[in-house]
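Beneath this line is the structure, given in C-alpha cells, with notes to follow.
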Amino acid sequence: MADTDFISSMRLLQEDPSTTTNLTDTEIVKQTCKVYGSIFLMLFVLFLLVRPRYPKVYNIKKSYPALNSSIANDSFGSISWMWKVFSISYEDLAEQCGMDAMTTIRLLEFGVKLSLVGVFNSMYLFPIYALMGSHDSDPVKGISLGNVGQGSNGAYATTFSAYILFGAAMYMIGKDLEWFTSHRHAFLSKQTVQNYSVFVSGLPADMQTKSAIRGYFEKCFSHNAVADVHVALNIPNLEKKVAKRTALIPKLEHAINVQQIKGETPMHKTKLCGGEKVESVPTFTKDLEELNQEISKDIIRIETLQNEREAGDAGDDIETSEVEDETASGTEVKYFHKKTTSLSASAKSGPAVFKSVIFGAGDDGAPRKAAFVSFADLTSANLARQSIHNHEPWTCVAVEPPLPKLVNWKNVGKANKSKQIGELISFLFTVALCIFWTIPVSFVASLSNVEALTDLLPFLKAPVENYDWFSSLLALLAPLILVVVISLLPTILLIFLKFEGLIEIETMQHPSLFSKLASFTILQTFFIIIIVQNLMALGTELLRVSPVVTNLARKFAAEILGHNLTEKEQKETFLGLRALDDPVEYFFGRELGNKTILLQMVLYVYGCMAPLTCWFTFMIFGLLAIGFRNQFIFIYPVANDSGGKLWINFTRLSIICMIIAEIVLLAVLLLKEAFVAGFLLLPLVVVSILFDIYLKRRHYSVTQFLPMGECAALNQVYEMLDVDRDWLKDAYLQPALKEKSAFPENYYGDSNVKLAHKYGAKFVAQVGSIPQAKEAIEHKVDAIICQGAEAGGHGLRRELANSTMALSSQVSNLTDIPVIAAGGIVNGKHLASVLCVCDGASIGTRLWASTESLGNKLLQKELIKGNTCDDVVKTSVFDQIENEMKEIKWPHPFDASGALRNDTTKEWENKSRGEISKALQSTDLLDRYKVAIERNDTAVVTNYSGEGVGEINSIESAYELVLQMEIDAISTIQRLQGIIRGS
C-alpha cells in the first residue's frame, strides 16, 4: 500500500484506481478549508454580532422564567464568553444542565486532549516523514506515512507515536472513568422516582398482582420496603379513548378562546367533505363530556377488577370465585381468581393466582407480565436490581426503569421471545441498510471524480469541458451532499428500533440508536466530511438557524389560522412548529453516534499515519467544546436526563475503535515491509485488548449501581429528616388510568378564576375532599365551600365524601382563605357549631324550604312531613337514571345526590350499577321515571335534601329564617360562654 494518507484513503473508497482527478490532496484540503472554513467563519462572526443583541434567542434560560438557570444569568461578553464558559464547573453543569450535557462536554474535551497528544507527535513525525520519504511534490502527502518508502526506518517513529497516542488514550479513559463513576453515583443518590424504582419483566402468573409482588419484595428486604407497585395492564380500548380525548381538548380550548376573546361563535364541519356545519363549543363540549364519562366508567371497571384480584390474592388457600362487573357498554364481565402462597414459582410450573377470562366487548384490564415497583429506600431498590429473582433466566428480571414519561407502554410486558426476534429483525435490517446504503453514498462521493461522473451522467460532460470551475464545484459539493444523505440515517434507524420491543420510547437519546449510528458512520464515511459536517453544523447550531426559522413559520401559521388568541396559544407548539421559548432537547444519542464517534475514529486511524489530521481534530473538538458549553448553559433545557448512560456506550465503542485502528496501523506497516516496526505494535494491541477486558469485568458495572454503604448512609439521613415518599405514589401508573375526567384550562379552574377577577367578580369553589381543597387553594380562589356528606343535592359519592365538621376544620388549617361549611346546617345551633371550626356556613335545604324558593311546591312540602336524618340517603340511583335523559351528564365522582328516600330508592338502592344499567336498557324503568316527572310524583322522582331536614318543621320567608338563625346562633354562643365560665 504505497499511498496511505487520509486523502488517498478517501479516494480508494470513492473511485476506481485506474482513474485520476485533476485535484491533488493538498488542493482538496485547501479548497475544502477555503470554502467551508470561510462559510463557518462568516457564520461564527455573525453569531458574535447577534448574540448580545438578541438575548431571547441566544440566552433563553435567562430570558424566560420557566427555563431560568442561575449559571445563565451572566451572558458574558461578546468575545470573552468563549473562555468564560469554561469557568462553569462540572458540578454546576450536571446540576443545571443535566449529566448527559456534562458528559458530552467531557467527551469533547477528551477529544481535545487526545488531539493535543497527536499534535505533539506531529512535531517529530512531520520532519521524519518528509526527510525519509520520496520528497513528493504534494505537501500533504509529503508529511504522511504514504511518503515513506518500503522498509524505511521511519516506520519506527510511527510505532513510537502509536504507543504515545493510544497509551495516552487508555490513561485518560481510565481517569475519566473514575471521574464519571463519582458523578454517576451522585446522580444515583438523588431522590428521583427512577432511582427508587425497578422494572420487573417476565412475571409468572402467581406474581401478577400488586399484593404478590409487594409480599415477595417485603419478604426479601423488610416489611415496609415497598412504597408503590403497579402491574402493567392491557388497556388498548381505554388508551384509544384517552388519545381521542387528548386530541379533542385543544380543539375545545381554542373554540372557547374564540368565543370569549373574539366574541364570535366558532363553527366547524362534522366531516371534511359535505359534513354538517355545527357550533364548535357545544359540540366539542358534548363529545368531551361523553368521552369523560366513558373513560371514567372504564377506569372504575378496571379498578374494580384489580381490587377483586387483589382480594383473591389475600388468602392462603386456593379458592375460586366468580365476580360480575359492568363494562362501559353494560355487558357483564366474568373473571376467576385463585389464591396461593407461592411467590417464586415459574409461569409454567406454579399454580396461578388467578385466571382472567373476559367475555364481551373487550379485554381491557388483563394483566401483563411486567410491573413497576417503587421502594421506600435506595438500599432495597439497588438490591432488587442486582439480585436474581428466579431460576429461569428471563423470569422476574429487575432492571433500572426509564423515566415515567419515557415508558413505552405498548412494549411493557412483551414476551422475551418476541423481543429477541424483534432485535434480530432490527439487526438484519441495519446490516442490510449498511450494505445497500453504499449505492447512494458512492454516487455522491463520485461527484468529485469528474471522469467517472461524466461517464455515468453524459450531459455533464459539456459544462465540465466549458467551465474550469465546474469540476472543482462538484468536488466541493460532494461532502456537503453526503452530509445531507447521512442525516437521514437517524430517522431510518429509529424505525428499526421499534422492532426491538424497548420499554423506553424510541428517541434520538436512546443508547441503541447511538450504537447503530456509530457503527454505521464509521463504516460508511471518511475524513473530508468531518470538516463539513462538524463545522457547518456548529455554525448553524450557534446561530440557531432552525429554531429561528421554525418560530417565524409558527407565528405566520398561527396568524393565518387564528391560533394566537391567548398567551398559551402564542407559546405552544402549533402544527409541529415550536416557539423559541420552548426549545427542543438536545439529542445526545444522535449527535454522539453520528458525529463525535466518527471524529474520534478518524483521530485514532489517521493520528499516526497522517498527523496533520490531529491538527484538524484539535480545532474541531475545541470549537465543539466551546460551542456546546455555550449551548448547554444558555439554550438547551434539562430533559430526559439519563444520568450519562451514553458516556459508557461511547467509551466502550471508543476502545473498540482504538483496537481496530491499531490493527489497521499494524497491517499498513506490514504492507510497507516495516516488519519489525509492525510486530513491535503487537504488545500495544494486546495491552489494549486486555485493557478493554479489564474495564468490562467490573468498572462498567460499578457505574450502574450505588454502593450499598452509600445507600445505607443516605437512608439514615432521610430517616432523620423524616422525608416522606408521597412523590413515589402512582409515578408509574399507566397514563390512561390517571384521569377519569379532563378539560381544557379555560373550561374551568384557574383560567376562570383569573377571568372572574379580571371583571371584578369573586370566585368561590365548592370541594368535598382535601385534594380538591388543595387544588382550590393553588388556584387562589376567594373562598372555599366545604360540602360534607350530610349535604343535599349533588356532591361526591358517599364512599368518597367527608363529614362537614371534619372537612371544614381540616381545610381551615390549610389556608387563610375564608372557609364555608355546607351540609346539615339548618338552624342557629348548627351555625354556631361550624363557626367554631371555619368562617361561615352555606345554607341549602333550609332555604329550599322557604316561600321565595322557586322549586316544585309538592316536593317542598315533603320536607316538613316529620322526616329525620334517617330519611335522607346519599345515592347514585337518581343520577344514573336521569343521566340517560340528559345531554350533559353528571360525571363520576359527582354523580351522587343527597335526597329523601322514596319508592325509587327502596327498589334500587341495594342494586348494583350493572343491574340498574341493564334495567334501563331492557325494561320500562326510564319511561316510568319520565312519566313520574311529568306528574310530579314525589314517591318516584328526586327530592334533594340534606340530613338537617329532621329539624325543618315549617316553610317561612328567607328573611325570617336567616334572622332567626342569627339570633339563635348568638344565643348559643352566649350560653357556651356561660358554661365555660362556670356561671
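Determine the sum of side-chain charges near Arg368: Lys and Arg each +1, Asp and Glu each -1, restricted to other residues whose C-beta is under 11 angstrom from that of Arg368. If you can, show how the numbers build up before the last one.
On the way: positive: Lys369, Lys410, Lys414; negative: none.
In short, +3.
Residue by residue through region 845-859, which ³J(HN,Hα) values in whole Hz follow from phi under the Karplus form 6.51 cos²θ - 1.76 cosθ + 1.60 (θ = phi - 60°), with glycine and proline marked x?
Couplings: 4, 5, 7, 4, 8, 10, 5, 7, 4, 9, x, 5, 5, 5, 5 Hz.
What accessible surface, in Å², does a 1.4 Å probe find on Glu310, ignoring ligands, DNA and RNA and rounding to the nearest 10?
40 Å²
Using θ = phi - 60° and the Karplus curve 6.51 cos²θ - 1.76 cosθ + 1.60, what whole-Hz ³J(HN,Hα) does each residue of region 108-118 get, with Gly and Pro shown as x?
After applying 6.51 cos²θ - 1.76 cosθ + 1.60, I find 5, 5, 4, x, 4, 5, 5, 5, 4, 4, x Hz.
Relative contact order of region 56-149: what whole-number percent is it, with Cα pairs under 8 angstrom and at least 6 residues apart?
Details: 56 pairs, mean separation 12.4, N = 94.
13 percent.
Ignoring ligands, DNA and RNA, what accessible area per residue does region 114-181 give at 1.4 Å, in Å²?
Heavy-atom accessible area per residue stands at 40 Å².
How much accessible surface area, in Å² rounded to 10, belongs to the heavy atoms of Arg928 with a 1.4 Å probe?
Here the accessible area works out near 110 Å².
Using modelled backbone amide H atoms (1.01 Å from N, in-plane), which distant-in-sequence or interchain residues come within less than 5 Å of Ala370's amide H?
Leu203, Ala232
When the solvent-accessible surface of protein heavy atoms is calculated with a 1.4 angstrom probe, in what order do Trp83, Trp890 fall, highest first?
In descending accessible area the options line up as Trp83, Trp890.
On the protein heavy atoms, probe 1.4 angstrom, tell me the percent of accessible surface of region 616-765 carried by carbon and sulfur. Write out the running numbers ahead of the final one.
Numbers: 4620 of 7180 Å².
Here carbon and sulfur together make up 64 percent of the probe-accessible area.
Calculate, in nm to one decimal, what Met267 and Val764 gain on full extension: separation in residues at 0.36 nm each, minus their alpha carbon distance. Walk me through the intermediate numbers first.
Details: separation 497, 0.36 × 497 = 178.92 nm, distance 3.18 nm.
Length gained between Met267 and Val764: 175.7 nm.
May I ask you to rank Tyr129, Tyr54, Tyr606 by accessible area, largest first, using a 1.4 Å probe over the protein chains only?
Of Tyr129, Tyr54, Tyr606, the descending order of accessible area is Tyr54, Tyr606, Tyr129.
Please say if region 66-219 is rounded, prolate or oblate, where rounded means a/c under 1.5 for a ≥ b ≥ c the square roots of the C-alpha gyration tensor eigenvalues, and otherwise the choice is prolate for a/b larger than b/c and oblate otherwise?
Cα axes put region 66-219 in the oblate bin.
Ordering His699, His563, His757 by how much accessible area each has at a 1.4 Å probe, largest first, what is the list?
Details: His699 60, His563 20, His757 80 Å².
Putting His699, His563, His757 in descending order of accessible area: His757, His699, His563.
Which pairs break 32 Å Cα to Cα here: Lys241/Lys857; Lys740/Lys762; Lys754/Lys886?
Lys241/Lys857
Is region 844-890 best put as rounded, prolate or oblate by its Cα gyration tensor, with a ≥ b ≥ c the root eigenvalues, rounded for a/c under 1.5, and otherwise prolate when a/b is larger than b/c, oblate when not? Before the final figure, lay out the partial values.
Working: a/c = 2.68, a/b = 1.50, b/c = 1.78.
Taking the square roots of the gyration eigenvalues as a ≥ b ≥ c, region 844-890 is oblate.
How charged is the neighbourhood of Met708? Take every other residue with its Cβ under 14 Å from the Cβ of Met708, and add Lys/Arg as +1 and Asp/Glu as -1. Can you show the working numbers first?
Details: positive: Arg385; negative: Asp377, Glu710.
Net charge in that neighbourhood comes out at -1.
Using protein chains only and a probe of 1.4 angstrom, how many square angstrom of Tyr944 are accessible, to the nearest 10?
Approximately 80 Å² of Tyr944 is accessible to the 1.4 Å probe.
Pairs of alpha-carbon atoms within less than 8 angstrom and 6+ residues apart define the contacts here; what relative contact order does region 713-823 have, in percent?
Result for region 713-823 is 21 percent.
Could you give each residue of region 890-901 its phi-based ³J(HN,Hα) in whole Hz, using Karplus coefficients 6.51, -1.76, 1.60 with θ = phi - 60°, and x for Gly or Pro?
Here the 3J(HN,Hα) series is 6, x, 5, x, 9, 8, 9, 9, x, 8, 6, 5 Hz.
With all protein chains present, how much of the accessible area of region 778-818 (probe radius 1.4 Å) comes from carbon and sulfur, to the nearest whole percent?
Taking all protein chains in place, region 778-818 shows 46 percent carbon and sulfur surface.
The values are calculated or read from the model by the stated rules, or taken from the named source; none is laboratory data. What you see is a predicted model, and the numbers here were worked out from it, not measured in a lab. For neighbour counting, all protein chains shown are included, and Cβ atoms are generated from backbone atoms with ideal geometry for every residue, glycine included. Ligands, DNA and RNA are excluded from the accessible area calculation, which covers all protein heavy atoms including side chains. Shrake-Rupley method; radii C 1.70, N 1.55, O 1.52, S 1.80 Å.
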